[in-house]
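The values are calculated or read from the model by the stated rules, or taken from the named source; none is laboratory data. Computed from a prediction, not measured in an experiment: that's the story for all the values here. All accessible areas refer to the heavy atoms of the entire protein, side chains included, with ligands and DNA or RNA removed. Shrake-Rupley method; radii C 1.70, N 1.55, O 1.52, S 1.80 Å.
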Amino acid sequence: MHPVDTASAVGQLAKGVYSKSQGLAGVKQDADQKAKDEQLVNAFMDAYGDKYGSMEKINDYTQNFVLHS
């Protein structure tokens, strides 16, 4: 993968994470734009959910170990 493509993908992933955080914070969002922005991060999360068992396990790990470290 070309470095520019990598940077673009990382930017799209960050945009999706930001969109999700805004949703969790209760910020009003356009549903179509939110779905578009979060498409890559959702795919990423699904892949890790498949690998590690479930999204619930990933969320538990993130909340209990990463965020409280």
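Could you say whether any residue in the stretch 38-51 is at positive phi and over 15 Å from the mean Cα position of the chain (by Cα)? No: zero hits. Exactly one residue among Y18, Y48, Y52 is of a type in the set (F, W, Y) and modelled with pLDDT of 95 or more, and that residue is Y18.
Scanning for something outside any helix (DSSP H, G or I) and open to solvent by 100 Å² or more (accessible area, probe 1.4 Å), does the stretch 48-56 turn up at least one residue? There is no residue in the stretch 48-56 that is outside any helix (DSSP H, G or I) and open to solvent by 100 Å² or more (accessible area, probe 1.4 Å). Would you mind telling me which numbered condition in (1) open to solvent by 100 Å² or more (accessible area, probe 1.4 Å); (2) assigned to a helix (DSSP H, G or I); (3) modelled with pLDDT of 95 or more K28 fails? Failing condition for K28: (2).
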